[in-house]
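The values are calculated or read from the model by the stated rules, or taken from the named source; none is laboratory data. What you see is a predicted model; the values in this text were computed from it and never measured. Counting neighbours? That spans all protein chains shown, and the Cβs are built from the backbone with ideal geometry, glycine included. In case anyone asks, the SASA skips ligands and DNA or RNA and just uses the protein heavy atoms, side chains included. Shrake-Rupley method; radii C 1.70, N 1.55, O 1.52, S 1.80 Å.
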Amino acid sequence: AYHCSIMDVENRPMFRIRVEETADEPAREFLEPTPKEAWHKIVDEIDALRRQHGLVKMFSVFVSGEDLYGLTEPHIIRLIES
């Protein structure tokens, strides 16, 4: 499970992703100043694993952190702008 949140750190947004894969493993956290940087680390790992196992190439250039956070959804944009 990927839990995305935006935190306020010294009046600046910090984008946090908490990754929970199994109950046996501790959760991993990624904390970055932009959604792109936060998701970039995860997407790069997934892309490398897919290549390593001969799976279909992931076109990570078409994946944006803003999309994965839902920040490009029209309803979310209206809420942010209001």
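Taking only protein heavy atoms and a 1.4 Å probe, the accessible area of the chain is 56% carbon and sulfur.
Helix 35-52 and the long axis of the chain differ in direction by around 10°, with both axes built from C-alpha atoms. Accessible area per residue (1.4 Å probe, heavy atoms of protein chains only) ranks Tyr69, Tyr2 as Tyr2, Tyr69, with the largest value leading.
With the charge dipole of the chain set up from +1 on Lys and Arg Cβ and -1 on Asp and Glu Cβ about the Cα centre, the Cα lying farthest toward the positive end among the listed residues Ser5, Val19, Ile77 is that of Ile77.
Dipole magnitude for the chain: computed about the Cα centre from +1 point charges on Lys and Arg Cβ and -1 point charges on Asp and Glu Cβ, it is near 260 debye. The label-point distance for Glu20 and Ile80, in a model that sets each label 7 Å from Cα toward Cβ, rounds to 2.6 nm.
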